[in-house]
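Quick note: the coordinates plus some simple rules give every number you see, no bench work behind them. Everything numeric here is computed off the predicted structure, so don't read it as measured data. Glycine also receives a Cβ, built like all others from the backbone with ideal geometry; neighbour counts cover every protein chain displayed.
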Amino acid sequence: MTVKTTNPIFEKLGMKYPIVEGGMTWAGTGVLAAAVSEAGGLGIIGTGYWHGEDVRREIKRAKALTDKPFGVNVMLLSRHIREVFDVIIEEKVAVVATGAGDPSPFLDELHAAGIIVMPVVPSVSLAKMMEKKGVDAVVAEGMESGGHIGMLTTMALVPQVVDAVDIPVIAAGGIGDGRGVAAAFMLGAAGAQMGTRFLTAAESEVHPNFKAKILKAKDIDTIVTGNLLGNRARVLKNKMAKSFVKNEVNELQKEKPDAEAIEKLESGTLKRAVQEGDKDGGAFMAGQISGLIHDEKPVAEILEDIWAQATDLMGVENTTK
Amino acid sequence: MTDAEIFDKTKEILVDQFDLEDDEVSLTTDLTNDIDADSLDLFEVLNRVEDDFDIKLAVAEDIKTVQDLVDKIKEQLAA
Ligand SMILES: Cc1cc2nc3c(=O)[nH]c(=O)nc-3n(C[C@H](O)[C@H](O)[C@H](O)COP(=O)(O)O)c2cc1C
């Protein structure tokens, strides 16, 4: 059997590589997303809790750099979600990706505007619910990933989601080179999504301290904050991450643990890492694959090298050459 | 479908999903605190409820007790 390395959605978008840059709040800027799309992948702008006009600014930065389609990742729990969707529809963005939450209330208007919708799913049941609601694809993301995470590993989650739904499944979490991309296809995925690998791209606008921390990281250098209380997030170890975990343990020993107080510890810390490179106080969200990443190079080279290795391993023709 | 029938069917799903005894599920049972359901468990329950009742639910965060769930099902069955 030959491996199928594309899917109808990627074909419609005219992508050269079946590789997506996962939306990353603060880190996934319009410049990085444009670089990924321009090079033939699918770039996605991260927007977190932004206002509509902030989202528009990044979309415009991306459009100035590429005519290729790109996506926007939205935070459905944001207070500004209505204005964010208005901007996305006005700007005719090609793809909407979502992290936590349920995009289905917005599905009809997004589809009417011709926008492809692909939520991240942490489990089989959520993937099935999303398929029933009519989304176009799902991103099955394992807990190896950087950022907010679920409970399952990519290796275990992806094939189970693939078996459960008929829409394209994009594998994410722990993918950093051609071996990872090939593995994603072996698990039945119809595409691969990476976050951490793109953080050290030449076009990535994260603070030099952030890039240096990933380049220096070893396999064991990430930790999960919010495991006991709050929201689980994988970050590179530093003072902030370690004290966060200690605070969780202390809070749990109290008679009435206050989960909200713990959640507040996270507030603003990703921005501090991305924009200020605050070594002790920032949340340097990154995945377990950080230890595999040793170089800063242009997005086009990252994609080219990864796809050359992946096609070689899978024994399929590299038609991009 | 009567309220009692909705409750019974919901209870069946919960008993099966969480390996409970019948008498461990009542309308006041709190899914998180009494059954220790995590967010992934809740999606599993919602997905089964959708299939078994042939309804669509939002991935709502405001379902705390069995009563909340039964109310949501009733609302969707009536819709
Ligand atoms: C710094 C950072 C921020 C992220 N922010 C978001 C986000 O806002 N929304 C989201 O759905 N995923 C977010 N992610 C997850 C990525 O989109 C992607 O799925 C993940 O990084 C894949 O795993 P990898 O890091 O092992 O490649 C973030 C990841 C990182 C590293």
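Brief remarks follow.
- Taking a straight line from the alpha carbon of B:K56, these lysines sit under 19 Å away, with near neighbours fewer than eight places off in the same chain left out: A:K128, A:K132, A:K133, B:K9, B:K11, B:K64, B:K72, B:K74.
- Cβ-Cβ FRET estimate between A:A212 and A:K92, R0 fixed at 45 Å, reported to 0.05: 0.75
- Taking other C-beta atoms within 10 angstrom as a stand-in for reagent exposure, A:Y49, A:Y17 fall in the order A:Y49, A:Y17, fewest first.
- Listed by chain and number, the aspartates and glutamates whose C-alpha is less than 13 Å from the C-alpha of A:K63, apart from same-chain residues fewer than 8 away, are A:E38, A:E91.
- Between B:D68 and B:M1, the C-beta separation translates, for a Förster distance of 25 Å, into a calculated FRET efficiency of about 0.90.
- D (Stokes-Einstein, µm²/s), Kirkwood Cα radius, chain A, 1.306 mPa s at 10 °C: 81 µm²/s
- For A:I88, net neighbour charge (Lys/Arg +1, Asp/Glu -1) across residues whose Cβ lies under 12 Å away: -3
- Extents of region A:218-285, taken as max minus min of Cα coordinates on every principal axis and listed largest first, are 36, 25, 16 Å.
- Taking A:G180, A:G22, A:G30 in turn, the Gaussian network model of chain A (Cα-Cα springs below 10 Å) assigns the largest fluctuation to A:G180.
- Max mean-square fluctuation residue, GNM over chain A, Cα-Cα springs under 10 Å, options A:E296, A:E90, A:E255: A:E255
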